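The values are calculated or read from the model by the stated rules, or taken from the named source; none is laboratory data. Keep in mind that what you see is a predicted model, and the values were worked out from it rather than measured. Glycine gets a Cβ as well: all are built from the backbone with ideal geometry, and neighbour counts include every protein chain shown. Surface accessibility is based on the protein's heavy atoms, side chains included, excluding ligands, DNA and RNA. Shrake-Rupley method; radii C 1.70, N 1.55, O 1.52, S 1.80 Å.
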Amino acid sequence: MKIVKTIGTTIAVVIVLIFVIIAGISFFSAPDSSGLFGYKGYTVVSGSMEPKIAVGDFIIVEMDPYDNVNKKDIITFQYNQELVTHRVVDRTAEGLVTKGDANNIQDQGFVIEESYIGTQKMLIPYFGYVITFLQKPIAFAVIVALMGIYLIYLYLHPSIKEEATE
């Protein structure tokens with residue numbers, strides 16, 4: 001029984017920590033926000049960067065200075081009130097030229113410093129689906145129910161340390 005409790009507690013702590021970190025990053029991920037410790041997180045909703053970045057992946061973007069962006073970097077920027085993550089194919093005096101890996105043509109216009117958000121630093125495959133699911137009310141109910149069941153289990157099966165008395 002003690003092993004089950006230890007494993008259950010460890011898994012619960014790890015899951016809670018992961019979700020707290022991701023929730024913190026997501027909370028501070030609005031285009032105008034300063035991010036969380038210089039990072040923002042986004043769920044990918046289009047296949048324009050496949051196979052490198054697929055629909056449902058979760059990307060962590062570092063808010064690097066605009067001047068540090070190089071050719072072949074994958075950047076996130078705002079275009080027509082939408083967030084886009086594409087690869088830089090050229091750097092010109094007008095701005096950055098971008099293109100999705102799965103697209104046949106370059107993006108229209110240039111990415112300028114005001115629309116630039118950051119450079120992609122980490123990718124968590126399929127985790128965007130989890131984030132999207134957790135934003136639904138039913139997911140919150142399921143998580144609360146599972147945590148409640150686990151707490152009831154701990155209450156009904158407390159660990160008893162017997163001390164040998166002589």
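None of 134, 154, 123 is of a type in the set (A, V, I, L, M, F, W, C), modelled with pLDDT of 90 or more and open to solvent by less than 70 Å² (accessible area, probe 1.4 Å) except 123. Only one entry in 129, 116 is among the hydroxyl-bearing types (Ser, Thr, Tyr), over 21 Å from residue 8 (Cβ atoms) and touching a Leu at 6+ places or on another chain (Cβ under 8 Å), namely 116.
Yes or no, residue by residue, for (1) of a type outside the set (Gly, Ala, Ser); (2) assigned to a loop (DSSP other than H, G, I, E, B):
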{"site": "108", "(1), (2)": "yes, yes"}
{"site": "118", "(1), (2)": "no, no"}
{"site": "129", "(1), (2)": "yes, no"}
{"site": "158", "(1), (2)": "yes, yes"}
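Would you check which residues across region 58-91 are open to solvent by less than 10 Å² (accessible area, probe 1.4 Å) and in a loop (DSSP other than H, G, I, E, B) and list them? Answer for region 58-91, where residues must be open to solvent by less than 10 Å² (accessible area, probe 1.4 Å) and in a loop (DSSP other than H, G, I, E, B): just 69. Looking only at region 5-24, decide whether some residue is at pLDDT 80 or above, part of a strand (DSSP E or B) and open to solvent by 50 Å² or more (accessible area, probe 1.4 Å). Looking for residues that are at pLDDT 80 or above, part of a strand (DSSP E or B) and open to solvent by 50 Å² or more (accessible area, probe 1.4 Å), one finds none in region 5-24, hence no.
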